[in-house]
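Reviewing the structure listed below.
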Amino acid sequence: MKYQTQAGNPAPDKVRVTLQVNGDRHEVFIEPRQTLLDTLRKDLGLTGAKKGCDEGTCGACTVLVNGKAIYSCLTLTVECEGHAIETIEALSKEGKLHPIQQAFIDKDGYQCGFCTPGQILSVKALLDHKSDPSADEVKRAVSGNLCRCGAYPNIVEAAMAAAKKESPGAE
């Protein structure tokens, strides 16, 4: 894949990348080595994905790419061109929380909140592919997300509650 450098740019090492983030098209000029996390936070102002470990061990930077939960701190932005990227900012619509977000509140699936966006997106990726997961499947889905506060039982409970709310016929 060949990228164009920005015309007249004093830093000729930057490339133009077109991204589809939360349903919107964005064109950014970045260094080819820039991570998706840095592009989301610095270039697009989407700060829901957190920079925790910056080495793929905490999951605070989790976003969805083509519906799959990935660590944005380990993913180069240039790799994401042509793929659908979804961040936590896309979940609530018109001031109404997504059922997973509401379940995290209802079941106290957060404490300090730092890991919560990554946890929610990991749960969303699971529920988008399996509407009625077992508790073990939920645990596996969030196993790459570190909660320093230890809210794991509540996170699993929130995911299970969200699965019930998202099921057809649920209230």
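Net charge near Y152: determine it from the other residues with C-beta under 14 Å of the C-beta of Y152, scoring Lys and Arg +1 and Asp and Glu -1.
On the way: positive: K107, K139, R140, R148; negative: D108, D136, E157.
Net charge around Y152: +1.
Where a Cα-Cα gap under 21 Å defines reach, which lysines qualify for K51, not counting those fewer than 8 residues away within the same chain?
Once the sequence-local lysines are set aside, what remains near K51 is K42, K68, K124.
How large is the helix-only mean residue ellipticity at 222 nm for the chain, computed as the sum of -39500 (n - 2.57) over DSSP H runs with n ≥ 4, divided by its residue count, in deg cm²/dmol to the nearest 500? Mind showing how you got there, number by number?
On the way: 4 runs with 44 residues, N = 171.
-8000 deg cm²/dmol, from helical runs alone.
Angle check, please: helix 152-166 long axis (alpha carbons) against the longest principal axis of the chain (alpha carbons), in degrees 0 to 90, nearest 10.
Around 90 degrees separate the two axes.
How large is the translational diffusion coefficient of the chain in µm² per second when you combine the Kirkwood radius over alpha carbon pairs with Stokes-Einstein at 20 °C and 1.002 mPa s?
Numbers: Rh = 16.7 Å.
Stokes-Einstein gives a translational diffusion coefficient of 129 µm²/s.
Coordinate-derived values only; no laboratory data. Only a predicted model underlies this, so the values are computations on that prediction, with no experimental measurement involved. Neighbour counts are summed over all protein chains in view; Cβ atoms, including those assigned to glycine, are modelled from backbone coordinates with ideal geometry.
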